[in-house]
Amino acid sequence: MPERAESEHRTVLVTGATGYIGGRLVPELLAAGHRVRCLVRDPGRLRDLPWRGEVESVKGDVTRPGTLPAAFEGVEVAYYLVHALGTGPSFEQRDRDAAEAFGRAAAEAGVGRIVYLGGLVPAGVPDAELSPHLRSRAEVGRILRGGGVPTAELRAAVILGSGSVSFEMLRHLTERLPVMVTPSWVGTRIQPIAVRDVLRYLVACALLPPGVNRSFDVGGPDVLTYREMMLRYARVAGLPRRVIVPVPVLTPSLSSHWVGLVTPVPSGLARPLVESLRHEVVCGEHDIAAYSPDPPGGLTGFDEAVRLALKRIQDADVATRWSSASLPGAPSDPLPTDPDWAGGSLYEDDRELAVDVPPAALWDVVEGIGGENGWYSFPLAWALRGQLDRLVGGVGLRRGRRDPARLRVGDSLDFWRVEEIEPGRLLRLRAEMRLPGPAWLELRVEPGEDGGAVYRQRALFHPLGLAGHAYWWSVAPFHAVVFGGMARNIAARARAQYAAGAPDPVSTPSSEA
């Protein structure tokens, strides 16, 4: 493809900007000189992102067609980076409806191109034999390509990068299990691709010639079985060689629960990914190179992709994670601020402690809560609650944190989501565990007397129906231990860290992965 003039920039719309790929694509598009608009259900989720001031945001949702016309006004290229994976058994219909609405709105607005990131479809396998996940991704591609707007569909298999769901699954399985009894799909051949190469292709697609309306297989230079990927991951990570014993009896359903048990990826999300590994996913062509030639050093190999991702994790420089996107169907009502909230009953558990450390020292502990640091009270109870959540299809307690020291609005934090943060003062979390009603946990730090601080903690729960009331009263007897212990231990940790003069953790940027 001939070189484009530097002035040939586009106005682009990005869906899924709060997700794993979208959150990384936006800064790449800005760096390429494009004007970026983000379609988001909650524009507030973009507030703390480093590129927020450089983009326009429009409130809307691909599942609500009436919100799309305003988003498409003046747009030349639209990126479709959303899907309903993990939202329940009817996700295929939701994907279908959303793609049809998006394609129709793009055509009516005169958009010149759609770019869609889908899944690599195994050659020669009928749709009926594909996993529901891959079948839906392929169908979305067909809908968009047939909607009247030229569409570039990039089909990728396993995407390797710090925080990607595929990488996290691979990493935790390999690191936590030196000896593995594995399902037969670990022998399936896969062509993984580094996230940096996926982003490079996505950016290049903004300048494709108008007549290009097709799918492109995209993959890295290595074709490996999942078993080989685990062995090579162990080598790059400096782990002892893993012993892997495949057995035929582990079905996708059983192995998804095994993945959910060992990794942070809940079984509801692991199952469609595992089912997609039943068939070989290897690129059948490399036609994208005619429009986006391979870089001088070639595409990123598996070992280098793993090394870069591990460096990002080590340096606490993970830009986005698989859990970045909010859960469809999660509560969206604002936090009630009035005890007599018009929405109905509201249960509260309030705690307050004076802490003889400066407010900044106490805030460091508050902002570092969760993940490896835990929740500062009754670890067994928190672990049990996380396991119960997983058993009923929730996210559980092992999603961890994007950054070990700093939080921003929209971050996932174990089975919570950061709804609001005012650095040095307020952290408000919204529960994403399975509950019979929305719940919040609010942690505040305020100046106290003589240079000390006051710690205020508030747990709120809005019960839905009789089940909600029954839930609250069934756990109320444990609040003194869980929430009371949490407040005391946060105060104790702040005193200990301040007395020891512990420095604040600092994140150091590293190479892209």
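The values are calculated or read from the model by the stated rules, or taken from the named source; none is laboratory data. Worth saying up front: this structure is predicted, and the values here are computed from it rather than measured. Counting neighbours? That spans all protein chains shown, and the Cβs are built from the backbone with ideal geometry, glycine included. These area figures cover heavy atoms from the full protein model, side chains too; ligands, DNA and RNA do not enter into them. Shrake-Rupley method; radii C 1.70, N 1.55, O 1.52, S 1.80 Å.
Side notes on the structure shown:
- Segment 227-245-segment 100-147 distance, computed between alpha-carbon centres (Å): 35 Å
- Segment 409-451, Rg to Rh (Cα coordinates; Rh as Kirkwood inverse mean 1/r): 1.11
- Other residues lying with their Cβ under 13 Å from the Cβ of GLU352 contribute a combined charge of 0, Lys and Arg counting +1, Asp and Glu -1.
- The phi torsions of segment 291-308, fed into the Karplus equation with coefficients 6.51, -1.76 and 1.60 and a -60° offset, translate into couplings of 10, 9, x, 4, x, x, x, x, 5, 6, x, 4, 4, 5, 4, 5, 4, 5 Hz, rounded to whole numbers, with Gly and Pro shown as x.
- Note that segment 415-429 has calculated 3J(HN,Hα) couplings of 9, 10, 10, 6, 8, 8, 9, 10, x, x, 9, 9, 10, 10, 10 Hz, one per residue in order, obtained from phi through the Karplus relation 6.51 cos²θ - 1.76 cosθ + 1.60 (θ = phi - 60°); glycine and proline are x.
- On Cα atoms only, tilt of 165-176 relative to the major axis of the chain in degrees: 60 degrees
- Taking the helices alone, the chain has a mean residue ellipticity at 222 nm of -10500 deg cm²/dmol, built from -39,500 (n - 2.57) per DSSP H run of at least 4 residues and averaged over all its residues.
- Taking trypsin sites (Lys or Arg not before Pro) in DSSP loop states with no more than 13 other Cβ atoms inside 10 Å as exposed sites, the chain has its longest site-free stretch at 242-513.
- Degrees separating the helix 91-108 axis from the principal Cα axis of the chain, which is the longest one: 60 degrees
- Looking at the chain, the accessible area is 42 square angstrom per residue; that uses a 1.4 Å probe and ignores ligands, DNA and RNA.
- Phi-based couplings in Hz for segment 182-196 (Karplus 6.51, -1.76, 1.60; Gly and Pro marked x): 10, x, 5, 5, 5, x, 6, 6, 9, 10, x, 9, 6, 4, 5
- Residues with amide H under 5 Å from that of ALA32, placed H, sequence gap 5 or more: none
- Heavy-atom surface analysis with a 1.4 Å probe gives the chain a carbon and sulfur content of 55 percent of its accessible area.
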